[in-house]
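**Student:** I have a structure I would like to understand better, so I am pasting it below and will then ask my questions one at a time.
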Amino acid sequence: MTDTMLLRVLLLPFLLVSLLAGCQPAAENPGTNPLAGYESPEPLVLRAPEAPMPVPDVVLEGVDGPVGTSALFDGRWTLLYVGYSYCPDICPTELGQLSQILPALQEHSPQFDWQVVFLSVDPERDTPAHLEKYTAFFSEEFVPVTGSREAIDAVTGAVKAGYRIGEHAPGERRYSVDHDTGFRLIDPQGRMLAVLPGPHHPDRVVTMLQSFLSEVRPE
């Protein structure tokens, strides 16, 4: 094992803890996460491009009805954010940052077709109609989706996005949801290549992604 490889192995647990600490997610055994470190001065964590993490083809609920993940990600580079609309502070902050990141990527990397997908893990309160209004406050270009608990868990499990629903009685509207704050980079084949842990700074995120894509997708 080279010194660089050893450094990546030693840094991985620290990066994962940083990724998941923001909202105290319910991920089990984060130390077993197969993500590998990317040698960068910024906190970008990813698998090797030759071994990406595929998102399973499940049906989610979008604004225009059911949508399969294969169709959702097909042909586009996606920043996936997992959260919920009743989040009091972190989700509005992160979505506000994504509202700056998306147009910057579209301007500076026009060779890629970019989108932001907001996956709500709180389908009890976050109907597609409600999510459409909520995300439009940040950007009308955002793509909001939710789904059954099974579909949500299939996606969040594949991209290592931990979350936990607070205990509440059936029909209760006031409860908390813990979740991590990372942005997931999904390629046009529906495979996760990278995770960008928070805190996020829009200019730095755009620079990181441009640098990363120039290496994994040389022109």
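**Student:** Checking Q115 against (1) in a helix (DSSP H, G or I); (2) under 18 Å from the mean Cα position of the chain (by Cα); (3) without any contact (Cβ under 8 Å) to a residue 40 or more places away in the chain; (4) under 22 Å from L102 (Cα atoms), which test does it fail?
**Tutor:** Here Q115 clears every test but (1).
Okay, residues lined up against (1) surrounded by 20 or more Cβ atoms within 10 Å (Cβ to Cβ); (2) closer than 26 Å to E61 by Cβ; (3) touching an Asp or Glu at 6+ places or on another chain (Cβ under 7 Å); (4) modelled with pLDDT of 95 or more:
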residue	(1), (2), (3), (4)
Y134	yes, yes, no, yes
E167	no, yes, no, no
R173	no, yes, no, no
M192	yes, yes, no, no
V195	yes, yes, no, no
L213	yes, no, no, no
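**Student:** So how many residues does the stretch 67-110 have that are within 13 Å of the chain's Cα centre (by Cα) and part of a loop (DSSP other than H, G, I, E, B)?
**Tutor:** 1
**Student:** Kindly indicate the residue of the stretch 80-111 that is surrounded by fewer than 21 Cβ atoms within 10 Å (Cβ to Cβ) and touching a helix residue (DSSP H, G or I) at 6+ places or on another chain (Cβ under 7 Å) and also farthest from L60 (Cα to Cα) among those meeting that condition.
**Tutor:** Going through the qualifying residues, I end up with H108.
Rundown of residues vs (1) assigned to a loop (DSSP other than H, G, I, E, B); (2) closer than 19 Å to M53 by Cβ, yes/no style:
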residue: E132; (1), (2): no, no
residue: V145; (1), (2): no, yes
residue: G157; (1), (2): no, yes
residue: E167; (1), (2): yes, no
residue: L193; (1), (2): no, yes
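**Student:** I would also like to ask the following. Test each condition in (1) touching a residue at least 12 places away in the same chain (Cβ under 8 Å); (2) within 29 Å of L213 (Cα to Cα) for A71 and report the one that comes out false.
**Tutor:** It fails just one condition, (1).
The values are calculated or read from the model by the stated rules, or taken from the named source; none is laboratory data. Just so you know, these numbers come straight off a predicted model, no measurement behind them. Neighbour counts run over all protein chains shown; Cβ positions are idealised from the backbone, glycine included.
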